[in-house]
Amino acid sequence: MLRCLILDPAPLLGRCPGKPLRGLGLDVCVAPALHDADDSARYDLVIAVVRQAVREELQVCEAVRRAWDAMVVVLLDQRSAVDRVLALEFGADAVVEPPYEERELAARVWSLLRRRHPRALPATPQPGRPGHWQFDRRQRAIVLPDHAAVRLSDTETLVMDALASRAGHVLSRAELLARTGLARQGRQLNVIDLAISRLRGKLERAGADARPLRTVRGLGYAFEPPGHAGPDSPHE
């Protein structure tokens, strides 16, 4: 498994760059600075979150080359053509500017790693991430393997709760509308489709596997956690 080190002295705009990378099957470690990283480990790629593209911060590119000959991606905290050029001059293999999309970051990282390690990675990224996520009714959230929480709206929580309470069973849109109480609010069937779509979108943006939320054509939806052999055995 290829290893990635994220150097981030503080959360970037409330995001964790490691989420989309774990979804690629990488072994991701996080440290506030290079001297805090495990010097006994060898990393294949380093992502350096840079708040201000000054010489002191960008010298990490050269230090990484000396330590592991790893590729370096600089994640800028603010958009600046000057900072982008400066980062490249200091040896960055790629520069990502805000507002960055997690899928874009994952795609850039995947492309770089494929160039240097073509045999270590499949031709296309594999969906999902190590470990399984869980639905937490009390938190009104999906809890990821790294314990990060993906917050859900009221409707998403109701739909996820209804599916989780009947894990492995196929529930029609009408059943879900009734079980969630949304029917009493005068909501229509398409609210279920929209909630499922948004749930999957949130999981994918977090780098998680959305496949446990199954669509059973002509019948409805099912929640099938990994290892759960439900009686309905839904198939998309």
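The values are calculated or read from the model by the stated rules, or taken from the named source; none is laboratory data. Source: prediction; values computed, not measured. Neighbour counts are summed over all protein chains in view; Cβ atoms, including those assigned to glycine, are modelled from backbone coordinates with ideal geometry.
Things worth noting here:
- Region 11-35 - residue that is in a loop (DSSP other than H, G, I, E, B) and modelled with pLDDT under 70 and, of those, surrounded by the most Cβ atoms within 10 Å (Cβ to Cβ): GLY23
- Restricted to region 40-58, and to residues there that are at pLDDT 85 or above and farther than 13 Å from ASP83 by Cα, the residue that is surrounded by the fewest Cβ atoms within 10 Å (Cβ to Cβ) is ARG42.
- Test: residue in region 80-93 that is among the hydroxyl-bearing types (Ser, Thr, Tyr), assigned by TED's automatic domain parsing to the domain that holds ASP39 and more than 25 Å from the chain's Cα centre (by Cα): yes
- Leading residue by the ranking (modelled with the lowest pLDDT) among those in region 179-192 that are part of a helix (DSSP H, G or I) and surrounded by 14 or more Cβ atoms within 10 Å (Cβ to Cβ): ALA183
- The single residue among ALA210, ALA164, ALA195 that is aliphatic (A, V, I, L, M), touching a residue at least 24 places away in the same chain (Cβ under 8 Å), in contact with a Leu (Cβ under 6 Å, 6 or more places away or on another chain) and outside the structural domain of ALA106 (by TED's automatic domain parsing) turns out to be ALA210.
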